[in-house]
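Heads up: the structure comes next, in structure tokens.
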Amino acid sequence: MSNQSILRITRELSEIQKGPDLSLAVACRDIDVRHVRALIIGPPDTPYEFGFFEFAVKFGREYPTKPPAVTAVTTNSGRTRFNPNIYAGGKVCLSILGTWRGERGEEWSSAQGLESILISIQSLMSSNPYENEPGFEDGKSEFDKKNQVDYVAKIRHETLRVSIIERLEDYLGIGREKVPGVLPYNADDDYRENLLDAPFEPFKDLCKRRFLWYYDSYLSAIEIEKEKHADGKRFDRMPFEGAGNIMEGCFQYTSLKKRLETVYQKLNEEMDAWGAEGQVATQKELSISSNLQRQYEQIVEFYKNNDSVTLDLELVDKNPFVWQLVLFGRPMTNLDGGMFRIKLYLSTKFPDTLPRIKFETPIFHHRVSKDGILCYNPTRKDDLKSHIEAIIEAVEEESPAYDPRTLVNPEAAKLFWGTPDEKKLYNRKLRRSVQESTEY
């Protein structure tokens with residue numbers, strides 16, 4: 001592969017990693033940029049909502065003259081077809097990849113790149129994926145309408161089970177019993193089968209953090225679907241599904257809810273354990289402990305001389321791995337008069353593992369979950385001052401651009417982005433939580 005090709009791939013990876021799109025992530029081993037892992041977060045308001053869909057991308061020597069080869073990894077070990085264009089065997093049918101005949105102008109050109117490929121794949125994850133199958137685009141019969149509903153129903157179930165719950169169970173080492181009609185998923189096995197390579201899990205921390213962000217949405221989806229589909233009812237087979245390229249199984253929402261709650265509990269236990277691990281690291285005088293202590297002292301000094309933001313910052317029990325931030329509401333804003341205690345939990349693996357942020361003071365906010373998990377996105381992952389700034393911005397920003405991937409509190413988000421009357425109700429609920437914050 002030419003140096004120009006490698007430089008092009010490296011630049012594309014860097015642009016995606018530094019870009020604002022929260023639904024895409026890419027990674028590769030330092031020794032080989034030709035083999036890339038990509039993660040697509042399922043789009044909101046679709047059966048793929050907030051699912052974790054992984055792909056293996058292999059760039060050939062002729063890139064960008066020819067497109068890379070893309071293989072779906074999240075396939076339930078080759079047993080589940082998540083979309084008419086994403087096969088159980090991993091094949092991704094797209095004209096841009098040359099794996100499907102398309103209209104003139106839809107074929108690959110060197111002006112395109114990895115990001116355009118991932119966006120094209122993401123566009124397949126629509127609210128009605130049934131129509132992606134050739135010949136079924138305009139299905140208007142009662143037969144087609146029923147199939148569309150049934151297809152969405154089983155994709156939503158398997159998105160929750162395979163792409164989210166089982167992925168997190170594997171990350172956390174949670175054992176699970178086999179459920180009749182349901183096949184287990186193992187991302188490592190998939191990757192070894194497809195790429196004949198050693199285990200590589202670059203999205204482990206990202207998926208854990210996003211799970212905490214979207215936990216309320218996952219739980220809400222399960223509660224709604226549980227009322228529609230009895231446990232044990234088998235998935236309906238679609239007319240375009242065939243042997244070896246199908247989505248089989250049965251609904252098990254009662255079990256999924258319990259498993260979802262267990263994953264959430266384990267993630268919180270993991271977060272709490274970071275403090276004890278940090279104390280050990282401090283006693284051993286590890287460099288990560290000194291690094292965090294130094295960053296803490298620099299940040300405290302910075303905000304002493306910053307009149308635009310009022311906050312207190314201290315280490316909990318003098319532990320540089322657990323910070324407590326007290327944020328005072330800025331005057332003339334909806335947070336005016338409020339006082340919010342926020343905990344920052346840091347891992348000994350920072351910055352590869354990013355901080356977990358949790359509001360100890362309850363607040364009604366579209367960027368804060370019911371349990372206090374904050375959705376924020378720092379510009380510099382390794383700089384804790386950037387994290388503090390992003391935390392403040394996420395909480396204080398009153399007119400953010402609409403991005404459904406940051407709305408971790410469904411009730412608050414519905415009001416915030418609703419009608420003028422709903423926005424007024426949101427502001428009243430927020431102000432009430434601000435007023436009560438000083439009593440917490």
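The values are calculated or read from the model by the stated rules, or taken from the named source; none is laboratory data. Values in this document were obtained by computation on a predicted structure and should not be read as measured data. Ideal geometry is used to build each Cβ from the backbone, glycine not excepted, and the neighbour counts take in all protein chains shown. For the accessible areas, the whole protein counts, side chains as well, though only heavy atoms, and no ligand, DNA or RNA atoms are used. Shrake-Rupley method; radii C 1.70, N 1.55, O 1.52, S 1.80 Å.
Table for the structure above
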| read-out | value |
| --- | --- |
| Extreme residue, nearest to Q4 (Cα to Cα), among residues of region 38-72 that are open to solvent by less than 10 Å² (accessible area, probe 1.4 Å) and among the aliphatic types (A, V, I, L, M) | V57 |
| Qualifying residue in region 364-380 (condition: in contact with a helix residue (DSSP H, G or I) (Cβ under 7 Å, 6 or more places away or on another chain), open to solvent by 40 Å² or more (accessible area, probe 1.4 Å) and more than 24 Å from W274 (Cα to Cα)) | no |
| Test: residue in region 115-122 that is under 27 Å from A221 (Cα atoms), among the β-branched types (V, I, T) and open to solvent by less than 60 Å² (accessible area, probe 1.4 Å) | yes |
| Pick from region 73-114, criterion surrounded by fewer than 21 Cβ atoms within 10 Å (Cβ to Cβ) and not in a loop (DSSP other than H, G, I, E, B), ranking: farthest from the chain's Cα centre (by Cα) | S95 |
| Which numbered condition Y151 misses (of (1) under 27 Å from R37 (Cα atoms); (2) modelled with pLDDT of 90 or more) | (1) |
| Test: R380 is in contact with a Ser or Thr (Cβ under 6 Å, 6 or more places away or on another chain) and under 22 Å from S289 (Cα atoms) | yes |
| Among (1) open to solvent by less than 70 Å² (accessible area, probe 1.4 Å); (2) assigned to a helix (DSSP H, G or I); (3) touching a residue at least 12 places away in the same chain (Cβ under 8 Å) - the single one K358 does not satisfy | (2) |
| Which numbered condition H35 misses (of (1) open to solvent by less than 20 Å² (accessible area, probe 1.4 Å); (2) within 22 Å of S109 (Cα to Cα)) | (1) |
| Test result for E393, closer than 23 Å to Y215 by Cα and of a type in the set (D, E, K, R) | yes |
| Among the candidates D216, D188, residue that is open to solvent by 30 Å² or more (accessible area, probe 1.4 Å) and either of a type outside the set (V, I, T) or modelled with pLDDT of 95 or more (or both) | D188 |
| Some residue of region 300-308 being within 30 Å of the chain's Cα centre (by Cα) and not assigned by the TED database to the domain that holds R210 | no |
| Residue list for region 285-325, filter: under 21 Å from M339 (Cβ atoms), among the polar types (S, T, N, Q) and surrounded by 14 or more Cβ atoms within 10 Å (Cβ to Cβ) | T310, Q324 |
| Matching residues, region 235-284, being of a type in the set (K, R) and either open to solvent by less than 20 Å² (accessible area, probe 1.4 Å) or in a loop (DSSP other than H, G, I, E, B) (or both) | R237, K284 |
| Cβ-Cβ under 6 Å pairs, at least 6 apart or on other chains, region 419-431 side within 25 Å of F328 (Cβ to Cβ), far side open to solvent by 70 Å² or more (accessible area, probe 1.4 Å) | none |
